[in-house]
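Participant: There's a structure below that I have some questions on.
The values are calculated or read from the model by the stated rules, or taken from the named source; none is laboratory data. Keep in mind that what you see is a predicted model, and the values were worked out from it rather than measured. Don't worry about glycine lacking a Cβ; one is built from the backbone with ideal geometry, like all the others, and counts go over all protein chains shown. Please note that ligands, DNA and RNA were not included when accessible areas were found on the heavy atoms of the full protein model with its side chains. Shrake-Rupley method; radii C 1.70, N 1.55, O 1.52, S 1.80 Å.
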Amino acid sequence: MTTMTLRLDDVDAQIVRKYAKFEGKSISDFIRDAIFERIADEEDLATLRQAIEEDDGVRYSHADVLKELGL
């Protein structure tokens, strides 16, 4: 397992400690989760941008979708 170091000023470090405690997580777990949430958000944004570029403008109503699914 790799160890990484993060440097924060005292005020920011205290905020991280308090928030991690509030979430019931260790600081390592809290930071790891935050990093991977950020990565997932960036991936979601990239997917959205690609979908917007490929959008043909066709829209379906809720009723149309239900009818198509036979519901």
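Participant: Multiply the residue separation of D33 and I52 by 0.36 nm, subtract the distance between their alpha-carbon atoms, and state the gained length in nm to one decimal.
Facilitator: On the way: separation 19, 0.36 × 19 = 6.84 nm, distance 2.83 nm.
Difference between extended and current length: 4.0 nm.
Participant: Could you size up the charge dipole of the chain around its Cα centre, putting +1 on the beta carbon of Lys and Arg and -1 on that of Asp and Glu, and report it in debye to the nearest 20? Before the final figure, lay out each step's value.
Facilitator: Values: 10 positive and 17 negative charges, 107 e Å.
Using Cβ point charges on Lys, Arg, Asp and Glu, the chain gives about 520 debye.
Participant: Still on this structure, please answer the following. Can you tell me the order of 33-46, 58-71, 16-29 when each peptide is scored by its average per-residue count of other Cβ atoms within 10 angstrom, highest first?
Facilitator: Working: 33-46: 10.7, 58-71: 8.1, 16-29: 12.4.
The densest-packed peptide leads the list: 16-29, 33-46, 58-71.
Participant: Right, another one. Quick one: Karplus J couplings for the range 41-51, per residue in order, coefficients 6.51, -1.76, 1.60, θ = phi - 60°, nearest Hz, x for Gly and Pro?
Facilitator: 4, 5, 5, 4, 5, 4, 5, 4, 4, 5, 4
Participant: P(r) for the chain, please, calculated from all Cα pair distances in 10 Å bins and given in %.
Facilitator: Over the chain, the share of Cα pairs per 10 Å bin runs 15, 26, 21, 15, 17, 6 percent.
Participant: Probe radius 1.4 Å, ligands and nucleic acids ignored: give me the carbon and sulfur share of the accessible area of the chain as a rounded percent.
Facilitator: Values: 3870 of 6960 Å².
C and S fraction of accessible area: 56 percent.
Participant: Can I ask one more? Excluding ligands, DNA and RNA, what is the solvent-accessible area per residue of the chain at a probe of 1.4 Å, expressed in Å²? Working shown, then result.
Facilitator: Working: 6960 Å² over 71 residues.
Ligands and nucleic acids excluded, the figure is 98 Å² per residue.
Participant: Put +1 on the Cβ of every Lys and Arg and -1 on every Asp and Glu Cβ in the chain; which of T47, A20, A34 then has its Cα farthest towards the positive end of the dipole?
Facilitator: Final value for the positive-end residue is A20.
Participant: Using a simple spin-label model with points 7 Å from Cα along the Cα→Cβ vector, what separation in nm is obtained for D44 and L6?
Facilitator: 1.9 nm
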